[in-house]
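Here's the structure, in structure tokens; my notes come after.
Nothing in this text is a laboratory measurement; each read-out follows from the coordinates by a stated rule. Worth saying up front: this structure is predicted, and the values here are computed from it rather than measured. In this analysis, Cβ positions are derived from the backbone assuming ideal geometry, glycine residues included, and neighbour counts consider all displayed protein chains.
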Amino acid sequence: MARYGKQICGYAATILLVAGAIAAHARTGPDGLQDHSAAISSSELGLVDVQQSDLLQKQAMDNWISYNGDYTGRRFSSLNQITPANVSHLAAKWIFHTQNPGVLEVTPVVVNGVMFITGSNDAYALDAETGRLLWHHERGISNGLVDDASGHINRGVAVLGARVYMETDNAHLLCLDARSGNLIWDRAYATDNKNYGATSAPLIVKNLVLVGTSGGDDGVRGFLAAFDAQTGNEVWRFWTIPAPGEFGSESWPGDMYKHGCAATWMLGTYDPEMNTLYWGTGNPCPDFDGRVRPGDDLYTSSLLALNPDTGKLKWYFQFSPHNMYDYDAVQTPVLVDAKFKGAPRKLVVTANRNGFLYILDRTNGKYLYSKQFIQSLNWAKGIDKNGRPISNNLVPDETGVTVCPSYGGGTNWYSPSYDPETNTFYFRSLDACTLFRAKTQPFEEGETYYATGARRPPGNLPSTGYINAFDLSTLDFTWRDRQIGERHASAGVMSTAGGLIAFGNDAEEFEVDDARTGKPLWAFNLGQAVHASPMSYGIGGKQYFAVAAGDNVIAFALP
């Protein structure tokens, strides 16, 4: 279905709101300089006290307690004030402007009317009703970073008690006082290779703060680490590239295991009843030259099921063995309790960067089903009965080979959503191809480790984005909405009990559609591309949407 940019509100309104937000968040100190460090005295901040029972919430309502709203990764809000019948009255309520390097990719977290966001290495607490700044923790960006980390991207915070946790561009874990923004402790957790970085939000499980790293195209050794939320002491570390002699190490000759990547640059999900953590891993390194890393290259491009208390592996499922096309598997593993082929199952559902959607049994990692969602896909003939791809053996060389999906993947890190009321899984996809070239190169610290490059191939090949609705009852697409616009957004999807889905579209708009039909209902012209996943929260009986676009965070509500 074609996209029509329905500009209910426009960019002129955005300019006025931005001007007001800038004035509101610039507080002047006695020396005439803007003061961002001292907290504003606010009764709201005294209400920030996240308990384990809050983290275990089965419904995201007024509080959007973590990056995905809850442990399941569903990005489903149980708020239903905004519906297809009244969404046309939605309007921007406030805009908060940041001045950090790079675009925002943060999903706000809201606790009792206080919103926490990040930009680069800075953290902010806002009044979620007005956008007023409550405090700002400022930290300079790091120099000398490589690749993704040099973009200084930060996707948000985790909150436990009255403490806020965030990662920095150079892979430090910070613990801040939620009521003042003051630093409590700072832990460097990736120090043996300067190609490490971090781009994610942390995840809180029990009394642990879980963090991963970026650098998955730059020759790092991936890992997931857990830190005591109170002291900052490391509790465990799981290496995603096995050391010599460990299971799976046969793919990594010599000291290749030190540079095999499998980065953990997006956060996972958690099942409290099974006490199991689900976390995706990135591509192997070097990215395009598979000759130096024979075999399946465990545990790259995989979903890991771990014991969160110890970091011990329960099971793994590898989506793209011996991956040569940069197909990470860090896409959100969404936890769904639903009937599958008539029988109730505990499922994990994920749309993978390799162009296939997968359904697994999350109790044991058993492959149940897959569905191709990229029309131009050519790297594999299909998926066999065990879930292993049937490769077409398209091997990058110095001349180059055209592979679909593209280097950016059939989908990527931006969040999917699952609506339990429609039993539908929503996600963004991109139908495109890439010319991959490979040439063996040595690892060098401070340099990327792609070996060698990727670019758009010649010819009239597709480059089309979609929002997809996949029905878990019929195991087929209910609808696929083609995106129309000049720029492909890196914007996630969320759904609500009001029968809506919301996302940033390719026309630089924040859009709300009918979840059952995909019909566009309302859009707001942001004037900037969206590279973030939206969320919803409630204050005083009013439902809000919030999304980051460019260097702004914008909140919307009914009059």
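If you rank Thr424, Thr300 by fewest surrounding Cβ atoms within 10 Å, what's the result?
Thr424, Thr300
Quick one: net charge around Gln81, please, counting Lys, Arg +1 and Asp, Glu -1 for every other residue with C-beta under 12 Å from its C-beta.
0
Enter the mean projected area of the convex hull around the alpha-carbon atoms of segment 7-557, in nm², rounded to one decimal.
Over every viewing direction, the Cα hull of segment 7-557 projects on average to 23.5 nm².
For the charge dipole of the chain, defined by +1 on Lys and Arg C-beta atoms and -1 on Asp and Glu C-beta atoms about the Cα centroid, which residue among Gly260, Gly518, Tyr466 has the Cα displaced farthest towards the positive pole?
Toward the positive end, the furthest listed residue is Gly518.
What's the longest bit of the chain with no exposed chymotrypsin sites (Phe, Trp or Tyr not before Pro), using DSSP loop states and at most 11 other Cβ atoms within 10 Å as the test?
The reported range is 248-559.
Would you mind counting up the charge near Arg155? Only other residues with Cβ under 14 Å from its Cβ, with Lys and Arg at +1 and Asp and Glu at -1.
My count for the surroundings of Arg155 gives -4.
So, in Å, what gap is there between the alpha-carbon centers of segment 337-363 and segment 133-162?
33 Å
Find the percent of Cα-Cα distances in segment 320-391 that exceed 21 Å, and round it to a whole number.
25 percent
Radius of gyration and Dmax for segment 199-310's Cα atoms, expressed in Å?
Rg and Dmax of segment 199-310, Cα atoms, are 14.2, 45 Å.
Which cross-chain or sequence-distant (5 or more) residues have an amide H under 5 Å from the amide H of Phe223, H modelled 1.01 Å from N in plane?
When sequence neighbours closer than 5 places are left aside, the close amide H contacts are Thr213, Thr240, Thr264.
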